[in-house]
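See below for the structure under consideration.
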Amino acid sequence: MSGFSNFAVSFTIISILSGCLTLYGFGMNTGGPAMIVWGWPFVGLMTLLVGLAMAEVCSSYPTAGGLYYWAAKLAPSNGAAWSWFTGWFNFLGQVAVTAGIDFGAAFFLNAFLDLQFGYTATPGHTITLFGIILVLHGLLNTFGVQLVARLNDISVWWHVLGVLIIVGALAFLPDNHQSASFVFGEFVNNTGWSSGFYVALLGLLLAQYTFTGYDASAHMTEETHDAARSGPRGIVMSIVVSLIAGWILLIGVTFAIQSYDDEVASAAPPAQIFIDAVGATGGKLLLLIVIGAQFFCGMSSVTANSRMIYAFSRDGALPYSAFWHRVNKRTRTPTNAVWLAAGGAFLLGLPYLWNTTAYAAVTSIAVIGLYIAYVLPTFLRLRRGAGFERGPWHLGRWSRPIGTVAVVWVCFIAVLFMLPQASPVTAKNFNYTPIAVLVVLGFAGVWWLVSARRWFTGPKVQGSAEELAAIERDLGSV
């Protein structure tokens with residue numbers, strides 16, 4: 001992979017056309033335009049600090065195992081334990097972010113099919129489409145490896161041009177636009193909570209969920225030229241480009257709102273905004289751009305997820321690891337890991353059949369799982385101090401202050417997104433994020449105490465002579 005391709009994978013998984021728009025309705029209820037527009041740059045800058053700290057570690061250890069491999073190398077003692085829990089948090093977050101992306105794609109596809117063919121947006125229909133999209137992504141990553149690589153590169157331009165087309169259409173075609181005071185200052189609270197400050201904090205989920213998945217650049221480093229520099233650059237540039245383009249997109253969509261109450265009450269608020277602003281035909285075309293971007297995003301997420309599962313199971317850290325890290329001799333891809341990623345994502349989305357806030361919970365799980373995994377190596381790097389061996393890409397004297405702020409921020413959001421999102425709390429709107437996190441963490445913790453601590457020694461050496469020799473043998477037999 002080239003450096004651009006490495007960047008393209010992370011940029012595609014961040015996917016502003018997926019995260020920004022699938023949680024746009026959530027943002028309309030939790031803070032409204034003011035939090036949608038101002039929450040984005042604030043969270044983007046905090047995310048950039050997390051990404052910079054991650055990129056510095058990536059430059060020192062450019063390996064497919066990524067985060068959990070870094071934790072093992074950086075821990076002064078008990079490296080295996082740090083690696084174990086970092087890997088499990090990453091596994092939870094990766095599966096959840098795949099679920100969130102493809103669930104969002106199902107939302108928007110259902111909205112399009114409803115407009116075009118009358119296929120109503122019911123929970124059952126959405127879950128059916130969710131399953132179909134996951135199967136397609138599984139098949140692409142199983143049989144269409146070369147196609148996936150090409151589509152990742154195309155996806156960057158699809159996102160950039162897609163944002164320009166959507167914002168341009170929403171800027172010039174509608175007869176009416178909202179005022180600047182509305183877009184930049186209107187605060188809306190439809191959550192049932194009386195505290196505006198608490199609601200504003202909940203509204204940060206829209207941006208924080210979108211800024212996930214850039215660890216893909218780290219997982220793909222073993223397949224990237226000049227990995228010690230290209231991997232860190234891919235992480236940082238994917239965040240910076242997404243920050244700028246995403247803010248333009250959110251401001252453009254918010255200016256185009258025609259009837260706030262009607263649009264926030266629809267099944268897919270951005271879709272309704274498109275239709276109200278530019279008409280049925282134009283709205284459908286803009287909707288297809290978004291669906292295409294979400295499809296690219298989910299495809300790349302399954303790719304990155306499967307590579308993490310492959311590396312983690314290669315070290316025996318998942319149940320039935322020998323099965324999950326098996327590589328298809330014909331395609332040279334971890335096929336079983338691909339289907340574990342898709343199947344796990346489907347299970348996380350199923351509660352939507354009876355829980356109206358399930359999608360917000362899935363995105364919260366993704367944020368908490370991924371960001372804890374992101375920041376644990378940074379925490380360990382801070383503990384190492386001068387003992388940390390820098391790679392060719394590093395932060396110099398800014399390493400410690402940036403790393404410290406990154407750790408504090410992740411601790412804050414890990415608590416925030418476990419809190420109730422609607423009041424009064426009922427079975428239908430219960431935020432089941434703490435349950436999902438505790439189940440996975442509890443399973444990993446019990447397994448570690450009962451068994452794994454006696455045999456799990458951390459990641460195997462990646463790129464060892466034995467592995468390289470095995471790869472050469474496999475390639476020679478193709």
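Distant-in-sequence amide contacts of residue 391, defined by a placed amide H-H separation under 5 Å and a gap of 5 or more residues or a different chain, comprise 60. The order of the peptides 248-254, 186-192 by mean Cβ neighbours within 10 Å, most packed first, is 248-254, 186-192. Fully extending the segment from residue 423 to residue 117, taken as 0.36 nm per residue of separation minus the present Cα-Cα distance, adds 106.6 nm.
Taking amide H as placed 1.01 Å from N in the peptide plane, residue 119 has its amide H under 5 Å from the amide H of 114, each at least 5 places away in sequence or on another chain.
Subtracting the Cα-Cα distance of residue 397 and residue 441 from 0.36 nm times their residue separation leaves 12.4 nm of extension gain.
Sorting 443-454, 356-367, 38-49 by average packing, meaning the other beta carbons within 10 Å per residue, from highest down gives 356-367, 38-49, 443-454.
Hey, with R₀ at 30 Å, roughly what FRET efficiency would residue 457 and residue 161 work out to, going by the Cβ-Cβ distance, to 0.05? Mind showing how you got there, number by number?
Values: r = 48 Å, r/R0 = 1.60.
The pair residue 457/residue 161 has a calculated efficiency of 0.05.
Using C-alpha pairs under 8 Å with a sequence gap of at least 6, the mean separation divided by the residue count of the chain gives a relative contact order of 33 percent. Amide H to amide H distances under 5 Å link residue 186 with 34, where only residues 5 or more positions off or on other chains count and H is placed in the peptide plane.
If R0 is 30 Å, the Cβ-Cβ spacing of residue 226 and residue 405 corresponds to a FRET efficiency of close to 0.55.
Can you give me the angle between helix 335-349 and the longest principal axis of the chain, using Cα atoms only, in degrees from 0 to 90, rounded to the nearest 10? Long axis of 335-349 versus the principal axis of the chain: about 40 degrees.
For segment 402-414, 3J(HN,Hα) computed residue by residue from phi via the Karplus equation (6.51, -1.76, 1.60; θ = phi - 60°) reads 5, x, 5, 4, 4, 5, 4, 4, 5, 4, 5, 6, 5 Hz, glycine and proline entered as x.
Considering every alpha-carbon pair of the chain, the percent of pairs per 10 Å bin, from zero through the bin containing the longest distance, is 4, 21, 32, 26, 12, 3, 0. Spacing of the modelled spin labels on residue 386 and residue 259, each 7 Å from Cα toward Cβ, amounts to 6.9 nm. With θ taken as phi - 60° and the Karplus curve 6.51 cos²θ - 1.76 cosθ + 1.60 applied, the whole-hertz 3J(HN,Hα) list for segment 145-156 is 4, 5, 5, 4, 4, 5, 5, 4, 5, 5, 4, 4 Hz, x standing for glycine and proline. Centroid-to-centroid, using Cα positions, segment 299-336 and segment 386-404 are 31 Å apart. The lysines within cross-link reach of residue 73, meaning a Cα-to-Cα straight distance under 28 Å and a gap of 8 or more places when in the same chain, are 460.
May I ask you to derive the FRET efficiency for residue 450 and residue 149 from their Cβ-Cβ distance with R0 = 35 Å, giving the value to the nearest 0.05? Could the numbers behind the result be given before it?
Details: r = 41 Å, r/R0 = 1.18.
So, using R0 = 35 Å, E works out to roughly 0.25.
The phi torsions of segment 321-327, fed into the Karplus equation with coefficients 6.51, -1.76 and 1.60 and a -60° offset, translate into couplings of 4, 4, 6, 6, 9, 5, 9 Hz, rounded to whole numbers, with Gly and Pro shown as x.
None of the figures in this text is laboratory data; all of them are computed from the coordinates on show. Computed from a predicted structure; not experimentally measured. Cβ atoms come from the backbone with ideal geometry, glycine included; neighbour counts cover every protein chain shown.
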